[in-house]
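To start, the structure itself, in structure tokens.
The values are calculated or read from the model by the stated rules, or taken from the named source; none is laboratory data. Fair warning: this is a prediction, and the values are worked out from it, not measured in the lab. Positions of Cβ are backbone-derived with ideal geometry, glycine not excepted, and every protein chain shown enters the neighbour counts. We work out accessible area using only protein heavy atoms, side chains counted, and drop any ligands, DNA or RNA first. Shrake-Rupley method; radii C 1.70, N 1.55, O 1.52, S 1.80 Å.
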Amino acid sequence: MTGSLFDDDAFTQPETVDAESPLAERLRPKALEDVVGLEELLGERRFLRNAIETDRIPSMIFWGPPGSGKTTLARIIARTTRARFVTFSATSSSIKDIKALMEEARRGRKARGSKTIVFIDEIHRFNKAQQDAFLPYVEAGDIILIGATTENPSFEVNSALLSRSKVVVIPALEREQVLTILRRAMADPSVRKFGIDLDDAALDFIAATSAGDARQSLTSLQLVIETASSEDSPVGVEKVKEILQRRSLMYDKSGEEHYNIISALHKSVRNGDADAAVYWLVRMLEGGEDPMYIARRLVRAASEDIGNADPQALVFAIAVQQTVHFLGMPEAGVALAQLVTYLAASPKSNAAYVGYGEAVREVRQGDNPGVPHHIRNAPTRLMKDLGYGRGYQYAHDFEDQTAAMECLPDALAGRRFYEPKNAGAEADIAKRLEKMRKARKGEG
């Protein structure tokens, strides 16, 4: 960065927008009254509106999905605030650049009482060291930090920085709100000059497939307007589909939506909702998710949520995992759909999962007494002399292959970790285990 932050042209303003800029940039709202949606944030006497109008901006993190208005709000603040407004890029800003600018901001505040607002788009792309470089200046009040992120700031923003910022959750736009934006765009001279109209169904289709992303909807509209011919006007749904080729899917394989949708898939299976399970499966596959990742999660679900209620579920899940590996996409999609519907329809039990967790807690927190002597192996004379294996009873010598012998240490005798449920095959397992428990107590 050249020059001083406090020279007139040294700080970074929002980029210039011209006739060649994307439609979404050309139509970006420039004032609060132009913003569609966000009534909960920008309505009368709401916190964010008051902060912007009174120019009393605190440090904030704007958290919301793509195209929800995070950058737009930052640009409006840039136009309305009397503070210096600086933007940083995660890809081109070094720690040295950050510290140099922060020191200038500190000197300006002390010398002239001037304020500096630092805007970081996609703050989650800044590494820990870069984020840490801002912290002392935020703490001292030298700068006001505004970060924008599509990722959960609880995981992506340093906790110290997060604790000194107000998190502003920005929701995805509703379908009707996206339609409003599209209709405004259709009336804009830069769009009207093409002489192309879209019928209501076509606009609704673009809105419906934009997943609440205003930028995506305007990008799709621009593509349709610039591709269609006057003979197609008014453009209908089928023509829009032909031009766009594929519905837009909001799915970030490395971001929060990835975890949201795999969670939805797993919980739909657990709750026995085969229809929802297939829907979330397709959302992931159409979004480009690795089918092997999905297969691995379904193997876990087969063990965690079905377990011994249907032991074949785990066998089937492993078979589908191998099928996915062997076939690849798109053919493997059908096998995955077969698996999720089978798992959803299966009897459910988390008894093995719960039992494992109870045993883990006992081992990690308990005294972990030694193995009882009567079930220790005794391969040497010394071990036999020490009593290893003494009193052991061979299960197959007894009815129901169960001896009257405790296999847990004395301190844990009678402790139950696995409590089978009365579901599917596990109901029979419960009966057999109860019979064997009685036999071990000599009650058979």
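Residue-level check: of (1) β-branched (Val, Ile, Thr); (2) within 27 Å of Ser154 (Cβ to Cβ); (3) surrounded by 15 or more Cβ atoms within 10 Å (Cβ to Cβ); (4) out of contact with any Pro (no Cβ under 8 Å at 6 or more places or on another chain), Ile95 misses just (3). The residue that is farthest from Ile143 (Cα to Cα), among those in region 76-92 that are part of a helix (DSSP H, G or I) and open to solvent by less than 60 Å² (accessible area, probe 1.4 Å), is Ile76. Of everything in region 125-164 that is closer than 18 Å to Ser94 by Cα and of a type in the set (S, T, N, Q), the residue that is most open to solvent (accessible area, probe 1.4 Å) is Asn127. When you check Arg432 against the structure, is it within 16 Å of Pro311 (Cα to Cα), outside any loop (DSSP other than H, G, I, E, B) and either open to solvent by 90 Å² or more (accessible area, probe 1.4 Å) or touching a Lys or Arg at 6+ places or on another chain (Cβ under 8 Å) (or both), yes or no? Yes: the conditions hold for Arg432. When every residue of region 240-249 is checked against the conditions, at least one turns out to be modelled with pLDDT under 90, among the polar types (S, T, N, Q) and surrounded by 16 or more Cβ atoms within 10 Å (Cβ to Cβ).
Select from region 388-407 the residues that are surrounded by 11 or more Cβ atoms within 10 Å (Cβ to Cβ) and within 30 Å of Ser303 (Cα to Cα) and write down the one among them that is modelled with the highest pLDDT. Looking at the filtered set, the residue picked out is Ala395. For Ala207, the test of being small (Gly, Ala, Ser), open to solvent by less than 10 Å² (accessible area, probe 1.4 Å) and either under 25 Å from Met284 (Cα atoms) or touching a residue at least 40 places away in the same chain (Cβ under 8 Å) (or both) is passed. Under the condition of being over 18 Å from Gly212 (Cα atoms) and surrounded by fewer than 17 Cβ atoms within 10 Å (Cβ to Cβ), the residues counted in region 165-185 number 2. Among the residues of region 101-124, at least one is open to solvent by less than 20 Å² (accessible area, probe 1.4 Å), of a type in the set (Gly, Ala, Ser) and touching a helix residue (DSSP H, G or I) at 6+ places or on another chain (Cβ under 8 Å).
Being modelled with pLDDT of 85 or more and over 30 Å from Gly272 (Cα atoms) is true for just one of Asp428, Asp385, Asp410, Asp367. Which residue is that?
On the way: Asp428 fails: over 30 Å from Gly272 (Cα atoms); Asp410 fails: modelled with pLDDT of 85 or more; Asp367 fails: modelled with pLDDT of 85 or more.
The conditions single out Asp385.
Considering region 384-425, the residues that are more than 22 Å from Glu362 (Cβ to Cβ) and among the charged types (D, E, K, R) include one that is nearest to the chain's Cα centre (by Cα), namely Asp400.
Take region 173-187 and flag every residue that is in contact (Cβ under 8 Å) with a residue 40 or more places away in the chain and closer than 15 Å to Glu25 by Cα. Scanning region 173-187 gives Ile181, Arg184, Ala185. Here region 1-34 is the region considered, the condition is being assigned to a loop (DSSP other than H, G, I, E, B), touching a helix residue (DSSP H, G or I) at 6+ places or on another chain (Cβ under 6 Å) and modelled with pLDDT of 85 or more, and the residue that is surrounded by the fewest Cβ atoms within 10 Å (Cβ to Cβ) is Pro29. Taken as a whole, region 341-364 holds no residue that is under 21 Å from Lys441 (Cβ atoms) and open to solvent by 90 Å² or more (accessible area, probe 1.4 Å). Of the residues Asp132, Asp121, Asp142, the single one that is in contact with a Gly (Cβ under 9 Å, 6 or more places away or on another chain) and farther than 19 Å from Lys70 by Cα is Asp142.
Within region 346-400, track down each residue that is part of a helix (DSSP H, G or I) and among the aromatic types (Phe, Trp, Tyr).
Of region 346-400, the ones part of a helix (DSSP H, G or I) are 351-365, 373-375, 381-385, 395-397, 399-400.
Matches in region 346-400: Tyr353, Tyr356.
In the set (1) within 29 Å of the chain's Cα centre (by Cα); (2) open to solvent by 40 Å² or more (accessible area, probe 1.4 Å), the condition left unmet by Glu231 is number (1).
Scan region 54-66 and give yes if some residue there is in a strand (DSSP E or B), modelled with pLDDT of 85 or more, open to solvent by 40 Å² or more (accessible area, probe 1.4 Å) and within 27 Å of Gln216 (Cβ to Cβ), otherwise no.
Let us first name the residues in region 54-66 that are in a strand (DSSP E or B), namely 60-63.
With modelled with pLDDT of 85 or more added as a condition, the list becomes 60-63.
Imposing the further condition that a residue be open to solvent by 40 Å² or more (accessible area, probe 1.4 Å) reduces the set to 63.
Next, only the ones that are within 27 Å of Gln216 (Cβ to Cβ) stay: 63.
Yes, some residue in region 54-66 is in a strand (DSSP E or B), modelled with pLDDT of 85 or more, open to solvent by 40 Å² or more (accessible area, probe 1.4 Å) and within 27 Å of Gln216 (Cβ to Cβ).
Only one residue in Val299, Val334, Val315 is open to solvent by 10 Å² or more (accessible area, probe 1.4 Å) and either farther than 21 Å from Tyr356 by Cβ or in contact with a Lys or Arg (Cβ under 9 Å, 6 or more places away or on another chain) (or both), so which one is that? After applying the criteria, what remains is Val334.
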